[in-house]
Amino acid sequence: MVNIYHLNINKKQIKNAKLAIIPGDPARVPKIALALDRNSVELAFNREYRTYLSKVGNAYILTTSTGIGGPSATIAIEELAYLGVEKFLRVGTTGSIQKGLKVGDIVITTAAVRLDGASAHYAPLEYPAVADFYITRVLVDTAEKLKLNFKVGITASSDTFYPGQERYDSFSGYVIRRFQGSMKEWQKLNVLNYEMESSAVFTICSALGLKAGCVAGVVVNRTDAERIDHFVVSRCEENTINLVKESVTKILAL
Ligand code: URA
């Protein structure tokens with residue numbers, strides 16, 4: 001059987017998996033997969049795309065990294081959908097822009113501001129980037145049950161980590177006029193956070209008749225700092241992996 005080009009996996013290997021957990025970081029793939037099933041197996045690791053197969057109950061689940069940003073995320077989703085996957089759960093990290101959202105908290109995204117380019121290749125800009133309602137409801141119910149600190153709402157999803165998220169702590173220190181003052185505007189418009197994939201993930205999934213949800217752990221609060229402390233990333237991973245682990249059975253049943 002021929003493997004699909006970027007992910008380097010095939011239909012037979014994925015055993016009719018209908019749900020894929022999609023972190024950005026390949027290093028997070030075994031952490032998530034082994035939390036779901038300690039007998040999970042690695043299927044492939046090609047470029048930024050690393051895939052593990054896990055068994056939960058009678059169902060198989062894939063965990064596949066997307067790399068950073070919309071373009072590579074759309075490749076992962078296209079190829080997984082081609083192999084038969086129907087539901088996608090993005091698990092990421094994020095910078096919060098509201099004072100009430102602290103490092104270690106979780107954002108469950110309902111919709112994304114489309115500050116990316118890839119989503120426009122799937123649907124015009126008037127088309128909303130929205131999460132699947134039912135997957136989101138499971139995530140919210142589970143986060144409540146686990147008594148996690150979380151907020152539910154809109155995410156600004158940017159193609160760039162530096163100018164698009166109005167970071168001045170960069171090589172040039174310059175942010176083009178389009179983004180100068182943009183963080184303040186998103187704050188005023190009650191946007192919760194910045195990340196880099198949800199707008200592309202939601203748009204491609206809605207446009208193709210697939211379902212997607214998104215959770216992200218807050219690794220920096222931008223009202224305090226621009227730089228991320230690596231130590232807090234693992235704490236955030238624990239919280240989000242826990243939420244995913246407790247949600248997957250219900251998401252499989254939707
Ligand atoms: N991911 C982002 O895109 N931005 C942040 O500030 C942190 C994580």
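The values are calculated or read from the model by the stated rules, or taken from the named source; none is laboratory data. Quick caveat, the model's predicted, so the values are computed rather than measured. With ideal geometry, Cβ positions are generated from the backbone for all residues, glycine too; neighbour counts draw on all protein chains shown. To get the accessible areas, we keep the full protein, side chains included, count just its heavy atoms, and leave off ligands, DNA and RNA. Shrake-Rupley method; radii C 1.70, N 1.55, O 1.52, S 1.80 Å.
The apolar share of the surface of the stretch 62-216, taken as the fraction of accessible area on carbon and sulfur atoms (1.4 Å probe, ligands and nucleic acids excluded), comes to 57 percent.
For the stretch 1-122, the alpha carbon positions stretch 50, 35, 23 Å along the principal axes, listed from largest to smallest. Put simply, when 20-27, 171-178 are sorted by average Cβ atoms within 10 angstrom per residue, most first, you get 20-27, 171-178. In the structure shown, the pairs Lys99/Lys211; Lys11/Lys245; Lys102/Lys211; Lys12/Lys250; Lys55/Lys250; Lys99/Lys188 are assessed against 21 Å; a Cα-Cα span above that value is assigned to Lys99/Lys211; Lys11/Lys245; Lys102/Lys211; Lys12/Lys250. The peptide list 87-98, 202-213, put in order of mean Cβ contacts within 10 Å with the highest first, becomes 87-98, 202-213.
Stokes-Einstein diffusion for the chain at 4 °C, viscosity 1.567 mPa s, with a Kirkwood radius from C-alpha pairs, works out to 72 µm²/s.
About its Cα centre, the chain has a charge dipole of approximately 440 debye under the convention of +1 per Lys or Arg Cβ and -1 per Asp or Glu Cβ, with nothing else charged.
When only DSSP loop residues count, what chymotrypsin sites (Phe, Trp or Tyr not before Pro) in the stretch 1-77 have their Cβ near at most 13 other Cβ atoms within 10 Å?
Tyr5
How far is the Cα center of the stretch 140-156 from the Cα center of the stretch 30-86, in Å? Distance between centres, Cα-based: 23 Å. Of all DSSP beta bridges confined to the chain, the antiparallel ones make up roughly 40%.
Over the chain, give the accessible area per residue in Å² for a 1.4 Å probe, as an integer.
Ligands and nucleic acids excluded, the result is 46 Å² per residue.
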